[in-house]
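Heads up, the thing below is written out as structure tokens.
Readers should treat all values here as calculations from the given coordinates under stated rules, not as data from a laboratory. Given the structure is predicted, the values throughout are model-derived calculations rather than measurements. As a convention, Cβ positions derive from the backbone with ideal geometry for all residues, glycine included, and neighbour counts pool all protein chains shown.
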Amino acid sequence: MALSFELSDEQITFQHRVRTIAKKEVTPLVEEYERKEAFPSQLFRILGEEGLLCLRCPREYNGPGLDKVSECIFVEEINRVCAGIGSSIMVHGGLATDPVLLCGSEELKRRYLPFAARGEKIGAFAMTEPNAGSDVGGIQTTASRKGEGFLLSGTKTFITNGTICDFVTVAATTDPGRRGEGMTLFVVDRGSPGFSVTRKLKKLGNLSSDTGELSFHDCYVPQEHVIGAGKGGEVLDQTLKSGRITYGARSTGIGQAALDATFSFVTQWKRQGVPLGRSQAVRCAVAEMAVVVETMRTMTYRGAWLYDQGRASMKDASVVKLFCTESVQQIVEKAVALQKRAGLVKENPVQRFLRDARLLKIPEGTSEIQHLIIAKELGL
Amino acid sequence: MRVMDFTLSDKQKNLQWAAGEFAKGEFLPDLATELDQAGRFPESVWKKACQLGFIGIHYPREFGGAGLGIFETVLVTEALSRVDAGFANALASLDAGSEVILKFGTREQKEKILPRLTKGDLRLTVAACEAEAESAGSSDALETQKDARGYVLHGTRRLVPNAPLADRFVVPCYEPGDGRITLMVEKGQEGPKVHSVEKMGLRLTPSGDIDLGKIRVSPGNRVGQAGEGGLHLDHYHQERGLRNIAQGLGAAQGAYDRAVQYARQREQFGSRLSQFQIIRHKLAEMRAGLDVIRFVTYKAAADYDRERLTRAVLAIARMEVRKILVRIVDEALQIFGGYGYMSDQAIERCYRDAWALAAELGTEEEQKDVIADEILGPPNHLIPKK
């Protein structure tokens, strides 16, 4: 097929539908839940009914069975409205359920995916530990054999949806003596004996997403809930490859929102009697924002398209994540800077964009880690 | 030949050390977290700072100060901000407007106001901001009328630091007969009304919008001469600007200190973060930035005390401090990784406070306009036609 940057008719229709639903269902919740520092859990049911959760989940498991490009369209539009809410939904339909979707047994898929896709069960993903952040191979949560299943023990932190989840996909090692060896993923139901939510975490931004700390103490997990026994690293790579492309869409959504807010600010306000938008410096700044948004969007959808063709490499995914999450900072920083004191007032969304976008350089591989992945993939 | 000397005198070093010790003893992290969440001013710490003589050290001795220069104020401000920029900003902000009284006020006004500011008996602030986009300059003045009994003010001012706490507001005004003037408004029964504003950073310095309603100000509460209001505001922005860059410098140093400490203790991949070249080079770049902004800050303050600070030199300092401050705090947070994003770590508040300080330092575009004016003269369209 010739080089084409057009969305298909279905994708365009989908984009309009998502935009309408985001405006109707999400926009009215933002202020309240940012203030409450909690996720509006009712959204899971609402989006589930609309077929807007777990977008790549096939129809046979009650999912909408869409492609990665459509998922990115959805993520961009939701994040344009609210990155905190977007973050919870993204983790549910990405990290939490992708291991099941991509590598889980048929039984496991039947047991979790339909509920997740309908929004009846909320998923979380638990990899990071107090002493294992960038160092994924350093996880200390152990899985030891117990009869037909495993006993999990350890602590997980910075877990999105941690305190509200119904199930959590947990990374643990069956071979704690050897770094990175024996990593296995387990799907654990909330309420399993030995699993507890230790606390909810307060953070800089993404306030309307839920972040918690989880503890496992001899928590029994049956054999059927195991994904990628001893080869969890490969499952994780599959999951992160998709997730890192999604970060491009998150960045694009926040960047677009910051550009929109800046545009209306510079057309409304004057400095020394002259509309801000007449200043060459301001025009250049706004133009620069537009250039970055366009570049992020192009990279993201190219990455998503490659993924749909089954051709996206980890390098492709890391390039998208690194470039977009770094670039969006320029946009939100400029948006805040231009408004001076007013940009920092709670009612002004640009300060939220700044706090929300700041997160993106950290999870699913920090910018530093993305650099190292790309260098390695290039053969260094 | 006299060699340019970049060292501080023993007296200056001792002063900076004393300020740092005070801050370490009083700016307690748990208290900071509590006040930050509530958006509350650190009353008891401020009282202590007043008792120990940290407020108004550049005021003449006869008005309750220590007779030191702005340079020394900058050193103290830097030391306080290094420990906690939120506390430091709160302590530095209750004498906003003293700049105008010090330079342009009558002896009576100075005697009545300045000693009380140093003792913590009076809280002053400047209400200069009309709207989001307005910056320092002619458009900051509030329209005012004069009659036989004095001035009548009405209107609103936005985002006034310490508005909920202040007893007096220094307000730049414009009166058709007098031209630009500076008036002091006392908070009383009839107003002004204050509406608190929630903000992202520097939450220990509560801000508010004020509604002056229709307020009467006696002629005795005019500071300086009629028509001089523009000079007053320029002077205020200059002196306050120096204190703001010192806060920015201290805040950047504080974020760097925290990042260095964390890099030394945090282990990943079996090593301390401090062993990884990526982290080492980040810290090196932060350190280089600190040296640059310390130099421009001290230079501007020293120029001021010798009465030869130009607008461009201050603008350069503001621009560089702002740029480097936000970069350093951003990198510091990144070194903390996920922990840096969580409110358990002080760096999360450092980040919010740094952005609020950056807003005080003005936009890069404004500073470049000032610097370009010095290089090229003002652009034609800004030269008033006769």
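Could you list, in sequence order, all residues of region A:182-214 that are more than 30 Å from B:A346 (Cβ to Cβ) and among the hydrophobic types (A, V, I, L, M, F, W, C)? Across region A:182-214, the qualifying residues are A:M183, A:L185, A:F186, A:V187, A:V188, A:F195. If the condition is being within 14 Å of chain B (Cβ to nearest Cβ) and β-branched (V, I, T), then region A:107-153 contributes A:T128, A:V136, A:I139.
From B:L273, B:L249, grab the single residue that is touching a helix residue (DSSP H, G or I) at 6+ places or on another chain (Cβ under 7 Å), over 30 Å from B:R149 (Cα atoms) and within 14 Å of chain A (Cβ to nearest Cβ). Sole residue among the options that is touching a helix residue (DSSP H, G or I) at 6+ places or on another chain (Cβ under 7 Å), over 30 Å from B:R149 (Cα atoms) and within 14 Å of chain A (Cβ to nearest Cβ): B:L273.
Okay, residues lined up against (1) in contact with a strand residue (DSSP E or B) (Cβ under 6 Å, 6 or more places away or on another chain); (2) closer than 22 Å to B:S196 by Cα; (3) without any contact (Cβ under 8 Å) to a residue 60 or more places away in the chain:
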| position | (1), (2), (3) |
| --- | --- |
| B:L142 | yes, yes, no |
| B:A148 | no, no, yes |
| B:Y151 | yes, no, no |
| B:T156 | yes, yes, yes |
| B:P161 | yes, yes, no |
| B:L165 | no, yes, no |
| B:R168 | yes, yes, no |
| B:R180 | yes, no, yes |
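Only one of the numbered conditions (1) free of Cβ contacts under 8 Å to residues at least 40 places away in the same chain; (2) within 27 Å of A:T325 (Cβ to Cβ) is not met by A:F265, and that is (1). Condition first: in contact (Cβ under 8 Å) with a residue 40 or more places away in the chain and touching a Phe, Trp or Tyr at 6+ places or on another chain (Cβ under 8 Å). Now tell me which residues in region A:31-53 satisfy that. Once the filter is applied, which keeps residues that are in contact (Cβ under 8 Å) with a residue 40 or more places away in the chain and touching a Phe, Trp or Tyr at 6+ places or on another chain (Cβ under 8 Å), region A:31-53 yields A:Y33, A:F39, A:P40, A:L53. Looking only at region B:1-59, residues that are loosely packed, with under 12 Cβ neighbours inside 10 Å, of a type in the set (S, T, N, Q) and closer than 19 Å to B:V74 by Cα come to 3 in all.
Of the strands (runs of 3 or more DSSP E) lying entirely inside region B:193-248, the ones with 3 or more residues being in contact (Cβ under 8 Å) with a residue 60 or more places away in the chain are found at B:215-217. Does A:E234 qualify as being part of a helix (DSSP H, G or I) and more than 21 Å from the chain's Cα centre (by Cα)? Taking the combined requirement at face value, the residue does not satisfy it. The criterion of at least 3 residues that are more than 12 Å from chain B (Cβ to nearest Cβ) is met by the following helices (runs of 4 or more DSSP H) wholly inside region A:265-380: A:280-308, A:314-339, A:367-377.
Scanning region B:323-338 for residues that are within 8 Å of chain A (Cβ to nearest Cβ) and part of a helix (DSSP H, G or I) yields B:V326, B:D330, B:L333, B:Q334, B:G338. Scan region A:198-214 and give yes if some residue there is in a strand (DSSP E or B), over 26 Å from A:R35 (Cβ atoms) and either of a type outside the set (V, I, T) or touching a residue at least 60 places away in the same chain (Cβ under 8 Å) (or both), otherwise no. Taking every residue of region A:198-214 in turn, none turns out to be in a strand (DSSP E or B), over 26 Å from A:R35 (Cβ atoms) and either of a type outside the set (V, I, T) or touching a residue at least 60 places away in the same chain (Cβ under 8 Å) (or both).
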